[in-house]
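One structure below.
The values are calculated or read from the model by the stated rules, or taken from the named source; none is laboratory data. Source: prediction; values computed, not measured. Neighbour counts run over all protein chains shown; Cβ positions are idealised from the backbone, glycine included.
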Amino acid sequence: MKESQVLERPLRRARQRARLALLLASALAAPAEAGVVAVLEASGDRTAPGRLERLLETSAGEDFDPARWDDDLARLRRTELFYEVQGATTAVPGGVAARVAAKNKHSTLPVLKVKQGGGSSLLTLGLYDVNLARRLLEAGGQFERFNGRNGFAFWFRHPYGGGPRVRLGADVVAHTIDLPLLDVHGRPEAHFLNEESRATLRSSFEAGRRIRTDLNVSVYRNVFKQDDSTPLKSGRNAAFRAAQPLRSGLTASLLPKIAYGRLERAPTFLTGWEAAVGGELAAKALGSDFSFARGELELTGGLLPHPAWNIAAQARLGTKTGRDFQHKHYLGGLDSVRGFLDGQLRGDQFWHVNLEARPTLLERPSAVLQGNLFTDWAKTWDARAFGAEGFHDPVTSVGVGARLILPRVYRAVLRTDFAWTLRPIRRFGFSLGLQQFF
């Protein structure tokens, strides 16, 4: 490496720090509320010049709109890419100077998951970055090995593709996973592997201050292979297939969603509320082997009765047509009903409610320790009764947990939950995961 290149890097960092200091200092000046935007400056300490402006609707040369400016700052905070966002406006000759300075979170993160037991093994290794090439782009990939079968996943997200209100993305996945076929006690009903290949195009648009619309297009193929390696498994599989449809094939679907409300997500709390209606529509006219419709209503909200206490809740209600297993709703595990196994509960219809009290136990600039008291309720059922006894009854669990939050690292929340199920069976479950539940 040339000597000039070695010297250039610390000089560039010094210039960025000086620019940020000037922008933050301007916040002490009297704010300007009217006039033409004569100066627009936006800078992230680890973002390429000109990229932050693409997330702003405020433009140089146009009339300054305080409400639009506030929306721009809120949009930057909602990306969760920055641990500090400071905006300021001042009167200058010719109009208004609007300046924003943001401090980027650590953006490169590993993906690691190891699971062993119950006759299966899973290893997931990967890496992703949410500030690729210092342009706020997200790209990632991971390798999966499930019971000796290799798989992969790649994804990409563009937070300002087509404008500050538009997000675009794409996913490609090809892997082997378990098809959850468990009774309410967690015992296997049948033994099938699901070889899945999936491609998804994603788009999201902010239609207003409180309205967001999503439209995804997904094409995926499921190939089910039954494990008849023992007489017991073979007998279970035969009995299961005699009573239930389980068809391999291609699904092509549209996934629309509209959300109304405003949620404010910080590393340690969730406030505000949002209501969303979404679904999935598959039809043979789209090239799908299956025709069905799924619908879901979701309510999420939180409040902060005390600076060290956050109360958060979510409720979901869903239904579907058709009888194929890969399109059913599956509940249980870390991200729905804690204390039950992943996918243990299934049905054409479902509802579930989660309520959490999150006290902050210890807070430092670089780390926060948060407690968690929670309860989960859920029910799944079918239009046509099937399966083990107990699936039609509501399930309930309660528990305690902890969150280790690193505010300066993108979505770095290490969470542990200890859950006790109350009905229809009693059991204890422990879960460990990354990222906040909701």
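Laid out as a table, the results:
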{"read-out": "Total residues in the range 272-326, condition surrounded by 17 or more Cβ atoms within 10 Å (Cβ to Cβ) and in a helix (DSSP H, G or I)", "value": "2"}
{"read-out": "Qualifying residue in the range 61-68 (condition: more than 24 Å from the chain's Cα centre (by Cα) and of a type in the set (Lys, Arg))", "value": "yes"}
{"read-out": "Verdict on residue 127 being surrounded by fewer than 15 Cβ atoms within 10 Å (Cβ to Cβ), in a strand (DSSP E or B) and touching a strand residue (DSSP E or B) at 6+ places or on another chain (Cβ under 9 Å)", "value": "yes"}
{"read-out": "Residue match in the range 293-306 (condition: touching a Ser or Thr at 6+ places or on another chain (Cβ under 7 Å) and in contact (Cβ under 8 Å) with a residue 40 or more places away in the chain)", "value": "no"}
{"read-out": "Residue 185 in the same structural domain as residue 327 (by TED's automatic domain parsing) and crowded, with 19+ Cβ neighbours inside 10 Å", "value": "no"}
{"read-out": "Selection within the range 40-67 - outside any loop (DSSP other than H, G, I, E, B) and crowded, with 17+ Cβ neighbours inside 10 Å", "value": "40, 41, 42, 43, 44, 52, 53, 55"}
{"read-out": "Cβ pairs under 9 Å, 6+ apart, first in the range 230-248 and assigned by TED's automatic domain parsing to the domain that holds residue 323 and exposed (fewer than 11 other Cβ atoms within 10 Å of the Cβ), second of a type in the set (Asp, Glu) and assigned to a loop (DSSP other than H, G, I, E, B)", "value": "245/324"}
{"read-out": "Selection status of residue 204, closer than 20 Å to residue 318 by Cβ and in a strand (DSSP E or B)", "value": "no"}
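Residues checked against (1) of a type in the set (Asp, Glu); (2) modelled with pLDDT of 80 or more:
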residue	(1), (2)
375	no, yes
382	yes, yes
389	yes, no
397	no, yes
407	no, yes
415	no, yes
428	no, yes
